[in-house]
1. If you check ILE367, ILE324, which single one turns out to be among the β-branched types (Val, Ile, Thr), touching a residue at least 12 places away in the same chain (Cβ under 8 Å) and not assigned by TED's automatic domain parsing to the domain that holds ASP27?
2. All but one of (1) under 25 Å from the mean Cα position of the chain (by Cα); (2) of a type outside the set (Phe, Trp, Tyr); (3) more than 30 Å from GLN377 (Cα to Cα) hold for GLY116, so report the exception by its number.
3. Only one of (1) within 21 Å of ALA45 (Cα to Cα); (2) crowded, with 18+ Cβ neighbours inside 10 Å; (3) within 16 Å of ligand 1 (Cβ to nearest atom) is not met by TRP233, so which one is it?
4. Give the residue, chosen from CYS224, CYS157, CYS210, that is in contact with a Gly (Cβ under 6 Å, 6 or more places away or on another chain), within 16 Å of ligand 2 (Cβ to nearest atom) and either in the same structural domain as GLY100 (by TED's automatic domain parsing) or over 30 Å from TYR327 (Cβ atoms) (or both).
5. Restricting to segment 240-289, give me the number of residues that are open to solvent by 20 Å² or more (accessible area, probe 1.4 Å), under 30 Å from ILE321 (Cβ atoms) and β-branched (Val, Ile, Thr).
6. Looking at segment 34-47, I want the residues that are farther than 11 Å from PRO12 by Cα and have a partner that is in a loop (DSSP other than H, G, I, E, B) and aromatic (Phe, Trp, Tyr) with Cβ atoms under 9 Å, at least 6 apart or on another chain. Which pairs are those?
7. Residues that are hydrophobic (A, V, I, L, M, F, W, C): which strands (runs of 3 or more DSSP E) entirely in segment 1-73 hold 3 or more of them?
8. How do the strands (runs of 3 or more DSSP E) wholly within segment 133-193 filter down when requiring 1 or more residues that are surrounded by fewer than 20 Cβ atoms within 10 Å (Cβ to Cβ) and polar (S, T, N, Q): which remain?
Amino acid sequence: MRSQVVIVGGGPSGLLLGQLLHLAGIDTVILERKTRDYVLSRIRAGILETGLVDLMRNAGVSERMDKESFIHEGTCISYENELFAINFQKLIGQNVVVYGQTEVTRDLYDARDAVGAKTIFEAEDVRICDADTDRPYVLFAKDGAEQRIDCDFIAGCDGFHGVSRKTIPDTVRREYEKVFPFGWLGILSETPPVHEELIYANSPRGFALCSMRNQNLSRYYVQCPLTDKVEDWSDEAFWDELKRRLPEEVADKLVTGPSIEKSIAPLRSFVSEPMRWGRLFLCGDAAHIVPPTGAKGLNTAASDVRYLHEALTQYYRDKDIAGIDQYSETALARVWKAERFSWATTNLLHRFPDQTDFDLKMQRAEIESLHHNEIAQKWFAQNYVGLPY
Ligand code: RFL
Ligand code: PHB
């Protein structure tokens, strides 16, 4: 088999890149380790920056998103019994969009089917070979038989646990990591959201987040110890804990119901440099992870996709390698800013096991400055809606 670009990983990064390259006349094969149903069963991001919304439109996959998504002009933060709003629209004239990652992924799979581009599911034991030469190829097993695809380039869009990053030799690759000493327990429930905007709650019992997918589908999270297991948490225990972390006026309005999904995610900041090695390019979670507090993971993956599809298009259309040569540096410059915002909001809103009284006072002073200081609010708003590409 031969393809101009092999994309390893059929998550949102790989699919969006595939669609944009297809529109530029560049052929791709996507190799996905799992089944399509499995990929679509993962409940993840819910907030899209305008940059990602625009990319979906450029990729011709925005029809359902434009109809079914919700525009949020701001977000709310609570501490102690106080709730305040940060209005992005008033502060900087921009919004974010509520539309689940599952829906983004579904729309992209449907679009890929419609154009007849090749996706191989349950591709096992993917190996990226000779990426540092002019003739790279990818080996994998499908139904027990080994297959080979020769290509010009490989896009490693296979997430944090994928093989692409590890293909870059240790002598070249440098990793930066911070593992947070807690996780997020999340549930999805067919109940109306407690508030029209998201609420990020700092409470003495730990962080909580009230989010949503639509008017009858809510997504809630509570900070929990890494030792907790999903089985330890009944729905009742979850709702009780959530209520205790919200201001009374909010907790009193919370509509509870059975969870339709419940999972625990660890929190981690991670960046691997460089994002290019020869003809291999890393994209999205394969190269970097953020704690979900700033809603930056999928959005940062999208900015990588934007840079990479432009670089590859420039290469094929104009025989110009400038974009390819600059990809790692350009992508990383934006990645580190998103890392900083995600790390800062995580520090601002969570309880840490070793936090001193002084640390708590600092946290409170910073939240108060977000509450009352327009410059602090503008900084938050600019980062939350997404820094320019
Ligand atoms: P993904 O989604 O992990 O997809 C990678 C794909 O690669 C496949 N794969 C392989 N395929 C072939 N061979 C191999 N060896 C392979 N190894 C892996 C996997 O099966 C998978 O299908 O990475 P991608 O595409 O880079 O997308 C990244 C996003 O999924 C991620 O950044 C976000 O979900 C993060 N995130 C959020 N991001 C936001 O922008 N806004 C949010 O509101 C937000 N909320 C969240 C989040 C992540 C969360 N969790 C669970 C980590 C909330 C949570 C709880
Ligand atoms: C979500 O809706 O899943 C969500 C929203 C905002 C975040 C993280 C997750 O910061």
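1. ILE367
2. With respect to (1) under 25 Å from the mean Cα position of the chain (by Cα); (2) of a type outside the set (Phe, Trp, Tyr); (3) more than 30 Å from GLN377 (Cα to Cα), GLY116 is out only on (1).
3. The number of the failed condition is (1).
4. That would be CYS224, the only listed residue that is in contact with a Gly (Cβ under 6 Å, 6 or more places away or on another chain), within 16 Å of ligand 2 (Cβ to nearest atom) and either in the same structural domain as GLY100 (by TED's automatic domain parsing) or over 30 Å from TYR327 (Cβ atoms) (or both).
5. 1
6. LYS34/PHE121; THR35/PHE121; ARG36/PHE121; TYR38/PHE121; GLY46/TYR99; ILE47/TYR99
7. Strands (runs of 3 or more DSSP E) meeting the threshold: 2-8, 28-31.
8. Per the criteria, 145-156.
The values are calculated or read from the model by the stated rules, or taken from the named source; none is laboratory data. On a predicted model such as this, the values are computed, not experimentally measured, just so you know. Here the Cβ is made from the backbone with ideal geometry for all residues, glycine too, and neighbour counts use every protein chain on show. What goes into the accessible areas is simple: the full protein's heavy atoms, side chains included, and nothing from ligands, DNA or RNA. Shrake-Rupley method; radii C 1.70, N 1.55, O 1.52, S 1.80 Å.
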